[in-house]
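The values are calculated or read from the model by the stated rules, or taken from the named source; none is laboratory data. Quick caveat, the model's predicted, so the values are computed rather than measured. With ideal geometry, Cβ positions are generated from the backbone for all residues, glycine too; neighbour counts draw on all protein chains shown.
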Amino acid sequence: MSHPNLSGIEAVRLFADLTSDDRKELAMIAEKQSFNSGGIIMREGDPGSAMYIITSGTVRVLKNAPHSHDDEEIAEMGRGTYVGLNALIERSERSATVQAVEPVSTLRIEFDELAELLAEDEDFALRFWRTAAIGLSRQLRSANRNQTLLRELMHHRSADAGSHL
C-alpha cells in the first residue's frame, strides 16, 4: 500500500535516483501543509528547520535587495520543486523568503526527522547526500548559464548604446 505523500515525493526530480523504499521513508516523515495566496512559507534570515516540496500551486522566491527596502523576486517555482535544502546542508538561516503566489500545498520534511533517518541507514544516507549534491550541482549550472546570458545581454545593450553616440 502506498503512502498518501508518496506522489509528492516522487514528483521531485531531486529524489529520482533514490530507491522506492527511500522515497517511501521520506513520504512517511513528510507533513502536508497548505498556504493561502500571499502566505509566507519561509522568511529570509529565519533559522532553517525543514525543507518544503511544492505539491501544487506556485511560489516566488524573494531576496532582500541590498540598497532598497523592497524584496526582489529571483525565481518562481511550482509543483515538483523544493526549497530549503541549502539550510539543511549548511545548518544555517534561510537565504531567501518563499511566498505563495496562489494557494499552495507542500510537504514539509523536518531536518531532525530526516537526520534520524540518515543516521539509521548508512546506505540511505549515502544515496540521499549523493542526490542532494547532484541537485545543488544542477542549480549551480543553471545559475552559471543565467549569469552568462545576463552578461551577454548587457554586453549587447552597451554595444548598441555605443553605436548610437
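Restricting attention to region 22-48, the residues that are out of contact with any helix residue (DSSP H, G or I) (no Cβ under 8 Å at 6 or more places or on another chain), under 16 Å from Leu117 (Cβ atoms) and in contact (Cβ under 8 Å) with a residue 40 or more places away in the chain total 1.
Look at (1) free of Cβ contacts under 8 Å to residues at least 24 places away in the same chain; (2) under 22 Å from Gly8 (Cα atoms); (3) within 14 Å of the chain's Cα centre (by Cα) and you find that Arg108 fails only one, number (1). Could you go through region 55-65 and let me know if any residue there is modelled with pLDDT of 95 or more, over 23 Å from Asp123 (Cα atoms) and aliphatic (A, V, I, L, M). Yes: region 55-65 contains one or more residues that are modelled with pLDDT of 95 or more, over 23 Å from Asp123 (Cα atoms) and aliphatic (A, V, I, L, M). Inside region 1-20, residues that are in contact (Cβ under 8 Å) with a residue 60 or more places away in the chain and more than 25 Å from Ala96 (Cβ to Cβ) make up a count of 3.
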